[in-house]
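So the structure is just underneath, and the comments pick up after that.
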Amino acid sequence: MKVAVLMLVFGLCHSHPETVTSDKVCACAGSDSCCNICSLTSVTQKMGELGEKAANLAEKVTFLETRLQNAEKEILELRSLTGGTPQVAFSAALRESGSGNTGPFTTATPLQYKKVFSNTGNSYNPSTGIFTAMVGGMYFFRFSMFNNLAPTPSSVVSIMKNNERLTSVWDTSGTDSNDMGSNAVVIALTVGDNVYVQLEANRMVYDDGMNYNTFSGFLLFPM
């Protein structure tokens, strides 16, 4: 390849002693040997520039390879800590403090479980009461309900996936003071699905420092 380039340059210089090489005029005044020397100098300069660029490129490739190796090492370390499985789990109670009824509301409303016991993965939002799946997989959810202290119980609570009702607990028109119930579900979620506990319209629940009303869930396995 180099020989071919040199032969081409020599041929041009032989026909045109004042050929422009490397952006400079070869002031050979008709001398073939002078033009050849000028052409060789130009080719040498070009090869030097290409060699420098190749060296810089090699350095960048080495740098990127090192970063990739470090990233792969960090991933392996994280997998060794977590067993290679995403960790998602939460548990919360309805009230942070105090006692009393929650509700009634004129429309069905997600209950906001404010007292967070655990929230590994930060998928549960206590400000909204909504769990949002960050990892697709099979999940387990459980909730409990303690009815209101009014003379006539009026409690209906459901666990929801997006806008779909899954399971419910209710206690209305009872003759005793308080009742408590719970329910659970195992369900597949995709990334972005929401799960929450909904208090139905015109209903209420009671809680105090005993934390009767809870909402918990965790990832069984990813899919």
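Can you pull out every residue in the range 107-120 that is without any contact (Cβ under 8 Å) to a residue 60 or more places away in the chain and small (Gly, Ala, Ser)? Correct list: Ser118 only. Considering Ser144, Ser127, the condition of being at pLDDT 95 or above, of a type in the set (Gly, Ala, Ser) and part of a strand (DSSP E or B) is satisfied by Ser144 alone. Here Asp207, Asp193 are screened, and the one residue that is touching a residue at least 12 places away in the same chain (Cβ under 8 Å) and out of contact with any Phe, Trp or Tyr (no Cβ under 8 Å at 6 or more places or on another chain) is Asp193. When the range 148-186 is filtered for residues that are open to solvent by 30 Å² or more (accessible area, probe 1.4 Å), of a type in the set (Ser, Thr, Tyr) and either over 16 Å from Phe215 (Cα atoms) or touching a His at 6+ places or on another chain (Cβ under 6 Å) (or both), the ones remaining, listed by number, are Thr152, Thr172, Ser173, Thr175, Ser177.
The values are calculated or read from the model by the stated rules, or taken from the named source; none is laboratory data. In this text the structure is predicted, and so the values were computed from the model without any measurement. Note that we place each Cβ from the backbone using ideal geometry, even for glycine, and neighbour counts take in every protein chain shown. These accessible areas exclude ligands, DNA and RNA; they are computed on the full protein's heavy atoms, side chains included. Shrake-Rupley method; radii C 1.70, N 1.55, O 1.52, S 1.80 Å.
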